[in-house]
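Here is the structure we will look at, set down as structure tokens.
The values are calculated or read from the model by the stated rules, or taken from the named source; none is laboratory data. These numbers were taken from a predicted model, which means no experiment stands behind them. Every residue, glycine as well, gets a Cβ built from its backbone with ideal geometry; the counts of neighbours run over all protein chains shown. Quick note on the areas: whole protein, heavy atoms, side chains included, nothing else; ligands and nucleic acids left out. Shrake-Rupley method; radii C 1.70, N 1.55, O 1.52, S 1.80 Å.
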Amino acid sequence: MSDFKEQFQQKLDNLLQSKNDNMVIPRKEKRAQWIAQLLKIEKEGPKTSDDYNMKKRFEILRVGDDDRLIRMRKGLESEFKFIVCFKEVHQAISVVHSAVGHGGENKTFKEGQKKRANLTTQCCQMFISFCIECQEKKKRRVHKGLVVKPVRSETIFSRCQRCS
């Protein structure tokens, strides 16, 4: 299981490095920076365009002493979506994928989007490519060839026709 997780995280890391600055899934340190920046904005107010963008996109959910980064909600009644960091992606997709009964990429992605804002279809596809249960389910059974019923005849060439 840990080997599966390490392989997944290594492949995910390669994917994120190929995206450069256009990262959807932040590292833990980057998420901590965003939380610190949002706390600073709450105290002092926004000063730069980055501050205004951060305030517009994210908010902080306080759970006990822990601060969690969530996507900005449209209203107070709407559900919040967590921002998942790099180390938490495997666990988040694993929980969701098991909840949908190893249902495939689309079901896993749609269920994951209900509570997590930054899970991508690429992450779900990558996870499913490593999922042992899904790979066993995906294996095709070998179909037997078409069974042909032999034609029985009394003598050799009795079923042949002559060409003119």
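Side notes on the structure shown:
- Restricted to the stretch 74-91, and to residues there that are among the charged types (D, E, K, R) and open to solvent by 60 Å² or more (accessible area, probe 1.4 Å), the residue that is farthest from Phe58 (Cα to Cα) is Lys87.
- Single unsatisfied condition, Arg62 versus (1) within 29 Å of Gln135 (Cα to Cα); (2) out of contact with any Cys (no Cβ under 6 Å at 6 or more places or on another chain); (3) not aromatic (Phe, Trp, Tyr): (1)
- Per-region count, the stretch 98-107, residues surrounded by 15 or more Cβ atoms within 10 Å (Cβ to Cβ) and part of a loop (DSSP other than H, G, I, E, B): 4
- Among (1) more than 30 Å from Ile41 (Cα to Cα); (2) crowded, with 18+ Cβ neighbours inside 10 Å; (3) modelled with pLDDT of 90 or more - the single one Val95 does not satisfy: (2)
- Only one of Ile156, Ile128, Ile60 that is touching a helix residue (DSSP H, G or I) at 6+ places or on another chain (Cβ under 6 Å) and farther than 28 Å from Lys5 by Cβ: Ile60
- Unique residue being under 20 Å from Phe130 (Cβ atoms), surrounded by 12 or more Cβ atoms within 10 Å (Cβ to Cβ) and of a type in the set (Lys, Arg) when the list is Lys11, Lys40, Lys30, Lys55: Lys11
- Residue in the stretch 84-98 that is among the hydrophobic types (A, V, I, L, M, F, W, C) and in contact with an Asp or Glu (Cβ under 8 Å, 6 or more places away or on another chain) present: yes
- From Gly104, Gly145, residue being under 15 Å from the mean Cα position of the chain (by Cα) and either more than 30 Å from Gln7 (Cβ to Cβ) or modelled with pLDDT of 80 or more (or both): Gly104
- Leading residue by the ranking (modelled with the lowest pLDDT) among those in the stretch 11-66 that are closer than 26 Å to Gln125 by Cα and polar (S, T, N, Q): Asn22
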